[in-house]
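Structure first, commentary second.
What follows is calculated from the coordinates using simple rules that are stated; it is not laboratory data. Source: prediction; values computed, not measured. FYI the Cβ positions are ideal-geometry reconstructions off the backbone, even for glycines, and counts take in every protein chain you see.
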Amino acid sequence: MASMTFDGIGKTFPDGTVAVANVSFAVADGEFVVLVGPSGCGKSTLLRMAAGLEMLNSGRLLMNNTDVTETEPQDRDIAMVFQNYALYPHMTVYENMAFGLQQRKTPKRKIDELVRDAAEMLDLTRYLERKPGALSGGQRQRVAMGRAIVRHPMAFLMDEPLSNLDAKLRVQMRGELKLLNQRLGTTTLYVTHDQVEAMTMGDRVAVLKPVFNGQDSNLQQIDTPQMLYDQPANLFVAGFIGSPAMNFVRVELNAEAGSLRGAITGAEISFPVPAGAALSAYAGRQVIAGIRPEMFQACPEREALFNEQIAVAEALGADTFVFFDIPSPPVNVNDAEDSFTHKGKNRLVARIPPALTPTPNQRLPLTVDLEKLHWFDPTTGVAIRD
Ligand SMILES: Nc1ncnc2c1ncn2[C@@H]1O[C@H](COP(=O)(O)OP(=O)(O)O)[C@@H](O)[C@H]1O
Ligand SMILES: [Mg+2]
C-alpha cells in the first residue's frame, strides 16, 4: 500500500508542448483518485510520469514519502492498466494472468494461488482455460485487471480502462472496479475524460485543463465529487462537472438602497441578489452567474424570472431538458461544454419534471432559487464566495 505525492510536477516535450505544469497533490494510502479533464489536458502524461515511463522536467514524485523521481518503472511496484489492454491471444486466461509473475520468477505454487485468488475476485474462475477470443469485452477487461491484481502492487494506475466497452458494460465495470478498490484497499490513480465516471468512482477527483500560455497549472481543483459540484473553484470546473452543464449568464450588479440587484446583460430580467461580502465588492460591475439546469423550477407566470419560448424539449423519461434563448451575450468557458450559443443569444437549459414538458414554441415560466446561484469573476473565472 502506498501514498503518492505529486510535488510541483511539470513536463514539456522536446517539441515545446507544455503537457503538464506545476501540478501538486497527494493521494492517501488506499485512496481512489480520478484525474478528469478534456482531451489533451495532460492526464496520460501525469500517469505515465507516475509509472516512470516519462521523465519529469520539474518537481518531485514521492511514494510513501520516498522520492522515486529517478526510480526505474520496474522498481516502483505499481501496476498499470490501459485502454488498449492487449491480452496475449494464444494464451489462456490463466496464462495471461500468470505471465507477469513468471517473468518475475515467482514460484509456481505461489503463482497458482495468486491467479486463482484474483480470478475468484473477478468472477473469472470458470473462464481460466479459455482464450481471450472466446470472452466478451467485459470479461477481457477483467482479465486485464487480473494481470494487475496478481502482482499485489502498492498502487494501480489506470488510463481510461473502460473506454473500449459499451455503455452498459462501462456502468457495470465502474461499480466492480470501485468495489475492488474497497476490498483490496490498493491506492488507485484513475484517468478518464468522462465526468460521470469520475464522479461515481473517485473518493476525490482532480479536474485538469490543458495548459495555455502563461497559465500556471493544469490542476484546477481536487476535491470530493460533491464539493466539486457544490463549490466549483472556477468557471472551468463549474462547466465541466455536471450534465447538462451549468448555464452561465452575464449579470450587471448594482447596489440599491443597501442591497444588491442583478440585471442580466442585454435582457430585461432583474432580481434581488442575496450577497455576502465577496460578491458585494463587485457592485457596479459585471459578473457571471451560474445556474445549474436542476435549479430551475416551473412557477406561475407572475413569479417567473424567465418566461421564454421553448426552442427544444428533450424528454428522457425521468426528466425533461428544455432549451430556451435569452437575448444576452453568451459566456464561453475554455474548452468546457458550456451553454451553446445560438445566433448571438445565450441558450439555457433547464431540467424539469416530465409532467411539465411544454410543446415547442410554448412559453414556460421558470424561477430560480437565487440563494443557490454560483458567481464568478468575469476576468479570472474564479468563483466569488465568502
Ligand atoms: N510525446 C509527445 N510529444 C509531444 N507532445 C505530446 C507527447 N505526448 C503528449 N503530448 C501532448 O501533451 C498534451 C497532453 O497530452 P496527454 O497527456 O496525452 O493528454 P490526455 O491524456 O489528457 O488527453 C497534449 O497536448 C499532447 O498533444
Ligand atoms: Mg490520455
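Quick notes on this one:
- Short-range pairs are left out: with C-alpha atoms under 8 Å and at least six residues apart, the relative contact order of the chain is 16 percent.
- Projecting the Cα atoms of PRO244, ASN332, MET55 onto the charge dipole of the chain, computed from C-beta unit charges around the Cα centre, puts MET55 farthest toward the positive end.
- Radius 13 Å from Cβ of LEU87, net charge of other residues (Lys, Arg +1; Asp, Glu -1): +4
- Of all DSSP beta bridges confined to the chain, the antiparallel ones make up roughly 75%.
- For segment 322-331, 3J(HN,Hα) per residue [Karplus equation, 6.51 cos²θ - 1.76 cosθ + 1.60, θ = phi - 60°, Hz, x = Gly/Pro]: 10, 10, 8, 9, 10, x, 8, x, x, 10
- Its residues counted as N, segment 267-386 yields a C-alpha radius of gyration over 2.2 N^0.38 Å of 1.10.
- Amide H within-cut-off set for ALA155, under 5 Å, with H built and near neighbours excluded: ALA79
- Options ASN234, ALA118, THR45, ranked by Cα towards positive dipole end of the chain, top entry (Cβ charges): ALA118
- With at most 14 neighbouring Cβ atoms within 10 Å, loop GluC sites (Glu not before Pro) (DSSP) excluded, longest segment of the chain: 130-267
- The phi-based Karplus calculation (6.51 cos²θ - 1.76 cosθ + 1.60; θ = phi - 60°) puts the 3J(HN,Hα) values of segment 235-243 at 4, 4, 5, 4, x, 7, 8, x, 9 Hz, whole numbers, x for Gly and Pro.
- What you get for the chain, charging only the Cβ of Lys and Arg (+1) and of Asp and Glu (-1), is a dipole of about 1020 debye around the Cα centre.
- Computed over segment 23-148, relative contact order equals 22 percent, with contacts defined as Cα pairs under 8 Å that lie 6+ residues apart.
- Computed over neighbours whose Cβ is under 15 Å from that of GLU294, the net charge equals -2, Lys and Arg +1, Asp and Glu -1.
- Among the chymotrypsin sites (Phe, Trp or Tyr not before Pro) within segment 186-277, those in coil by DSSP and having at most 15 neighbouring Cβ atoms inside 10 Å are PHE212.
- Taking all pairs of distinct alpha-carbon atoms in the chain, Kirkwood radius in angstrom: 23.4
- Of all lysines in the structure, the ones whose alpha carbon falls short of 28 Å from that of LYS11, not counting any fewer than 8 places away in one chain, are LYS43, LYS209.
- Simple rule: put +1 on each Lys or Arg Cβ and -1 on each Asp or Glu Cβ in segment 4-233, find the dipole, and look at ALA86, ASN96, LEU180; the Cα lying farthest toward the positive end is ASN96.
- Share of Cα-Cα pairs in segment 152-255 lying beyond 24 Å, as whole percent: 35
- Structural descriptor for segment 245-386: relative contact order 30 percent, calculated from alpha carbon pairs under 8 angstrom and at least 6 residues apart.
- Per-residue 3J(HN,Hα) values for segment 290-297, derived from phi via the Karplus relation 6.51 cos²θ - 1.76 cosθ + 1.60 with θ = phi - 60°, read x, 10, 6, x, 7, 7, 7, 9 Hz in sequence order (x marks Gly and Pro).
- Rounded to the nearest 20, the Cβ-based charge dipole of segment 121-163 about its Cα centre (Lys and Arg +1, Asp and Glu -1) stands at 200 debye.
- Once the trypsin sites (Lys or Arg not before Pro) in DSSP loops with at most 13 neighbouring Cβ atoms within 10 Å are cut out of the chain, the longest remaining piece is 106-284.
- Simple point charges give the picture: +1 on the Cβ of Lys and Arg, -1 on the Cβ of Asp and Glu, and for segment 247-376 a dipole about the Cα centre of about 200 debye.
- Computed helical MRE - 222 nm, the chain, DSSP H runs ≥ 4 contributing -39500 (n - 2.57), nearest 500: -6500 deg cm²/dmol
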